[in-house]
């Protein structure tokens, strides 16, 4: 089935416009998600660990290794997912199947909503761990607080991605239930179909009987003679 314009995308096989592509709101928001993931991942990876007296690496978030691993883990997956979805956005207009577009939109909406939830959990988790920290090495506090802040910002960025995907899904659902034809306009409106001419009267006009007599009064009859 041709996907021409389905789910908010262009017609399959159309020319690619790089300028219009990078100006799409879903692409912009996805790039922001990618940037936030890099920041969170970089902050925790570079300054989130310190060498303890025992010679082992300890997490600055209250010595909770899971907190550091959680922040880095969701950011790494978000980083890869953003690249994949940006590539999918590029291929979206080239998808000639409506079902393929639908599956992509559903995957985008589900993943984005789920990752917004994971970033919310990460924000709460890191905030709670940071609030219990007693020892902070010099020059590390900004990175740790920055990771928490960008986890918070990532929540809204991924919610925006889910929102745009939901809008696309609604557009596709509306077009799926639309009639196969479009009415040009109502009667009397510009572009309306002209009305059919009135049908002739089905009752034919019968002529009078050929042998009918219109004479009135008595008629004299003369008997013939033989």
At a 10 angstrom cut-off on C-beta neighbours, averaged per residue, how do the peptides 59-70, 31-42, 150-161 rank from highest to lowest? 150-161, 31-42, 59-70
With r as the distance between the Cβ atoms of residue 28 and residue 65 and R0 = 35 Å, compute the FRET efficiency 1/(1 + (r/R0)^6) and round to 0.05. 0.50
Just need the Rg to Rh number for the stretch 22-109, please, alpha carbons only, Kirkwood Rh. 1.19
In what sequence, highest mean first, do 86-96, 118-128 appear when ranked by Cβ atoms within 10 angstrom? 118-128, 86-96
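Could you compute the FRET efficiency for residue 124 and residue 166, with r as their C-beta to C-beta distance and R0 at 25 Å, rounded to 0.05? Mind showing how you got there, number by number?
Working: r = 25 Å, r/R0 = 0.98.
E between residue 124 and residue 166, to the nearest 0.05, is 0.55.
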Rh (Kirkwood, all Cα-Cα pairs) for the stretch 32-174, Å, reads 16.3 Å
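Bear in mind these aren't lab numbers, they're just calculated from the coordinates by the rules spelled out. This is a predicted model, so every value here is computed, not measured. Please note: Cβ atoms are built from the backbone with ideal geometry, for glycine as well, and neighbour counts cover all protein chains shown.
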